[in-house]
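Each value in this text was obtained by applying a stated rule to the coordinates, not by laboratory testing. Just so it is clear, the structure is predicted and the values come from calculations on it, not from any experiment. Every residue, glycine as well, gets a Cβ built from its backbone with ideal geometry; the counts of neighbours run over all protein chains shown.
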Amino acid sequence: MPTFVMLTNLTAEGVKTLKTNPGRVAEVNREVEALGAKVVAQYSTLGQYDFVTIIEADSEETMARVSVEMGSRGTMTSQTLAAIPAGRLAEVL
């Protein structure tokens, strides 16, 4: 299954939402799954990004749907990267 890395920054609205409802992170992850993708791992990070999320989706189109839906809410911005396991890269080279 294709793997993607989503690098997320909260907007001011997103920070307010998280502060008043810390459980919102788990709710969003369930919403991602309802869109056809699976959250494999998620980390809250310090530095350039607020969250790093590893997501599996059956296609780039599914991942694009997830990215657009999550971004359309105005609570976050993100960059999404396609990820290839390092061992697989060695196989294809």
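Below, the figures for the structure above:
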item	result
Relative contact order, percent, the stretch 3-92 [alpha-carbon distance under 8 Å, six or more residues apart]	45
Ranked by how many other beta carbons lie within 10 Å on average, peptides 74-81, 86-93 from highest	74-81, 86-93
Packing-based ranking, highest mean first, of 49-55, 23-29 given that Cβ atoms within 10 Å are counted	49-55, 23-29
DSSP H segments from the chain that extend 27 Å or more along their own axis, Cα-based, with Kyte-Doolittle mean of 0.0 or above	none
Per-residue [θ]222 nm for the chain (sum of -39500 (n - 2.57) over DSSP H runs n ≥ 4, rounded to 500)	-12000 deg cm²/dmol
Rounded FRET efficiency, nearest 0.05, which uses the C-beta distance separating VAL40 from GLU69 and R0 of 25 Å	0.85
Average projection area in nm² (convex hull over Cα atoms of the stretch 1-84, one quarter of hull surface)	5.1
